[in-house]
Structures are given as C-alpha cells and as structure tokens.
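Down below is the structure, laid out as structure tokens.
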There are 2 protein chains.
Amino acid sequence: MLPQALENLVDAIGRLPGVGSRTAERYAYFLFKSDQKIARSLSEALDDLHDGIKTCPKTFALISAGETLSPLYTDRARDKSVVLVVEEPLDIVAIEKTHSFHGTYHVLGGVLSPIDGVEPKDLHIKELLKRLDDDDVQEVIIATNASVEGESTAIFLQKALRKASPAVKVSRLARGIPIGVDLEYADQITLTHALNGRTEL
Amino acid sequence: MLPQALENLVDAIGRLPGVGSRTAERYAYFLFKSDQKIARSLSEALDDLHDGIKTCPKTFALISAGETLSPLYTDRARDKSVVLVVEEPLDIVAIEKTHSFHGTYHVLGGVLSPIDGVEPKDLHIKELLKRLDDDDVQEVIIATNASVEGESTAIFLQKALRKASPAVKVSRLARGIPIGVDLEYADQITLTHALNGRTEL
C-alpha cells in the first residue's frame, strides 16, 4: 500500500520501544514531508552513534569516544567521597537535572534478576566495591528503581557494601508522596512509605 | 551530561511530532544499547526516503520512484468510476486496511484553511474534476476529517463537483457511534449525527 522506501522506514521506526505501526507511519510521513535536512541529520546522528560513544571504565557512565573518564567523575568540583548508584546511564541525566547532587555516579548496568539470569557478577558491583578504597568513599546512595528487582538489588548492595567496608554510610532515595499529588490519590504502598519515613519538623 | 553523539541523536529524534526529550532519550539509548544493525537499517531507510518516493500524478498517492502511476489506480480490479477523496496519503492506508473499498483514491494534499492560507488552488481539486470525465466517474466519496476545515472542504468539494458534473453522485463517510463505544460515553455531536443518520432496519 505504501512505497517500499516508506514501508522500510516505517518498519525501522517500528522497532523503537513502544512505537506501534500507526505512530511509525506518522513519524515516517513527517520525515518524508518535512525538509530533507531533518531526515539527513537523524541519519548522520545514527551513523555516528556507536563509534562516538563508549563506557567510562570507572563509573560506567556513557562518555564520548575521545574521553578517558566521565567528566562527572574527573570534575574537581564533584565530591568523590559520595557515590550515587543507578541502574542505567540515563538515570544520571534525571539526577543531574535536579542540580541537587554534587557527588559522583556509579552505573550498575542493570539489576539482579534471577528470571533473566542477571547475577551479581553481571553488574558493576566489584568495581563499586573497589571505589570504596580508591576514592575514600564515605557514603553510597542507592538509587535503583522501586521495582522488585531494584529493591532486591538495593538489599544485596547494602549487604555487600557493609561487608566490604563497615564504616561506609549506605542510604537509599526517600519514598513518599510526590510533589503535586493529593493525599487521596496516593497509592497505599507510597502512603505507607511516606508514613514510615516521616520527617520531624 | 550525555556524550555528544548521543545528544545529537536525542536532538534529531526530538524533532519528530509529539516526541518530548524523555522519549527521545529513551529511543536514542535503545538504539545505542541494541544491535548496531537496528540503527544502521534505520539510517539506510532514511537515506533512501526522499529519492525512493514520489507522488502519483493522477491520484497524488505516494508511489515508488520507479512507478509512473499508483498501483491502486492502475490495478484492473479497482473500479475507476468510484473515487474516494482523502486529505493525506496515509489516509489511504487506513481505508485499504478495511478491505471494504474497491474504487480508486484521490489525495487532496490538505484541507482548505483561510488561517493557514490554503486556498482551493493549493489542493488537487482541479485534477479531481478532470478525472470526472477522464475516468467516467459515477460516485465521489468525500472522506475528509471531521474537523472544521475538513467539513468546509467537503462542502466546497460537493459544490464544485455538482457544478462540474450534475449527474455524479457525491457522498460522505457516515458519522455515528463507533464500534465498542457505549451510548452513555458517546459525545453529543456524534450522537446527534447518529440520530440524524439512523438507518432503517
């Protein structure tokens, strides 16, 4: 029904996560109708993607191919004694946007998941434990997601950190009612967390 | 915060309609994490897009660069005496998926819109009127959208068709309650249309 060239693009776009055929058609038609420059810049960005990016060997954040370590690690203004542990590199972007954290990051590269066969050795846990000494770490903030896997990874990490260095402070991001959500709309589990984690005024 | 190569891809993806920065980041990271083949096939499809597609000079549907006329027009099984008029080429895909229409198509290339400066001469109306004679058209089905512009374009078309060939039957897609929607959830305008357009059993 569609020209082969458009059909190919619809297929290729349809591989993106959460993009159905209707959305893929809409994107493809937009790219066809709009200035050729837009399609070209997207195509060029795709070509440069894999050669232009690598992983920081210390923090496992994504860095440019020309860099040796993550700028968020080498920056002298960042406090190396505080390490925030996240699942994936994009989580760093979310935290950085708050402008409220001035320590360094450590990307696990996933979460423990017996079903998917992800074991502790598949995550960058060994490298995190090594950083405790290397960077004289005082606090590790665990910022894995609130999923079952994220929670069990947090518990595993806490134990591993305690064992490796009993003095290091281990913390977890607070759970509670998000800003802008009314009490009556908060779910039970969130509310339980908010109650248990209440702060004294 | 992100490597330049990833940032460039996020920017390029962010130009797609309805894609915000979070979604663009998610797509870009997916393309980076998954097999390089996926990014490459998308990049190749983009490169072929503009050279591989042109517009059918008769129906204004999208066709491959190697074709002279739309296969949906030249196909002998299609009834040239019935023409379904749509706003955009992708509307053809939606109709074809029903397998309920066996006539030919005509793409207007938009709708009349005084605000956006779209006048009758900017749409493929002249070419539609020419087809009335050329293809011995008996019926024109107007399938513009139910927007204000779509409706006024339909009225304009109806008058132009009547004037050009008083014998031609002009029809419009039925408006009514969609399948799967309960009466109580149907909006007022749809319900009015459903009532006025009721069919005798």
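The values are calculated or read from the model by the stated rules, or taken from the named source; none is laboratory data. All values reported here derive from a predicted model rather than from experimental measurement. Cβ coordinates were reconstructed from backbone atoms using ideal geometry, including for glycine residues, and neighbour counts include every protein chain displayed. Surface areas here come from the heavy atoms of the whole protein model, side chains and all, with no ligands, DNA or RNA. Shrake-Rupley method; radii C 1.70, N 1.55, O 1.52, S 1.80 Å.
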Out of A:SER64, A:SER41, report the one residue that is under 26 Å from B:GLY52 (Cα atoms), facing chain B (nearest Cβ under 7 Å) and among the small types (Gly, Ala, Ser).
-> A:SER41
What is the number of the single condition among (1) open to solvent by less than 10 Å² (accessible area, probe 1.4 Å); (2) in a loop (DSSP other than H, G, I, E, B) that A:ALA167 does not meet?
-> (1)
Hey, B:SER152 among the polar types (S, T, N, Q), surrounded by 11 or more Cβ atoms within 10 Å (Cβ to Cβ) and in a helix (DSSP H, G or I) or not | yes
Please find, within the stretch B:176-185, the residue that is surrounded by the most Cβ atoms within 10 Å (Cβ to Cβ) out of those that are of a type outside the set (Ser, Thr, Tyr) and more than 22 Å from B:LEU84 (Cβ to Cβ).
-> B:ILE177
Note on the stretch B:20-31: residues surrounded by fewer than 20 Cβ atoms within 10 Å (Cβ to Cβ) and either within 20 Å of A:ARG22 (Cβ to Cβ) or at the interface with chain A (Cβ under 7 Å from one of its Cβ atoms) (or both) are B:GLY20, B:THR23, B:ALA24, B:ARG26, B:PHE30
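Here is a yes/no grid of residues against (1) more than 30 Å from B:ASP134 (Cβ to Cβ); (2) in contact (Cβ under 8 Å) with a residue 24 or more places away in the chain; (3) open to solvent by 70 Å² or more (accessible area, probe 1.4 Å); (4) not aliphatic (A, V, I, L, M):
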residue	(1), (2), (3), (4)
B:ALA174	no, no, yes, no
B:ASP187	yes, no, yes, yes
B:THR192	yes, no, yes, yes
B:LEU201	yes, no, yes, no
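Yes or no, residue by residue, for (1) modelled with pLDDT of 95 or more; (2) surrounded by fewer than 18 Cβ atoms within 10 Å (Cβ to Cβ):
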{"site": "B:ASP51", "(1), (2)": "no, yes"}
{"site": "B:GLU67", "(1), (2)": "no, yes"}
{"site": "B:PRO89", "(1), (2)": "no, no"}
{"site": "B:THR98", "(1), (2)": "no, yes"}
{"site": "B:LEU108", "(1), (2)": "yes, no"}
{"site": "B:GLY117", "(1), (2)": "no, yes"}
{"site": "B:GLU127", "(1), (2)": "yes, yes"}
{"site": "B:VAL140", "(1), (2)": "yes, no"}
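Quick check: anything in the stretch A:2-16 outside any helix (DSSP H, G or I), facing chain B (nearest Cβ under 8 Å) and among the aliphatic types (A, V, I, L, M)?
Checked the stretch A:2-16: at least one residue is outside any helix (DSSP H, G or I), facing chain B (nearest Cβ under 8 Å) and among the aliphatic types (A, V, I, L, M).
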The lone exception for A:THR190 - which of (1) outside any loop (DSSP other than H, G, I, E, B); (2) over 21 Å from A:PRO57 (Cβ atoms); (3) modelled with pLDDT of 90 or more; (4) not charged (D, E, K, R) it fails | (3)
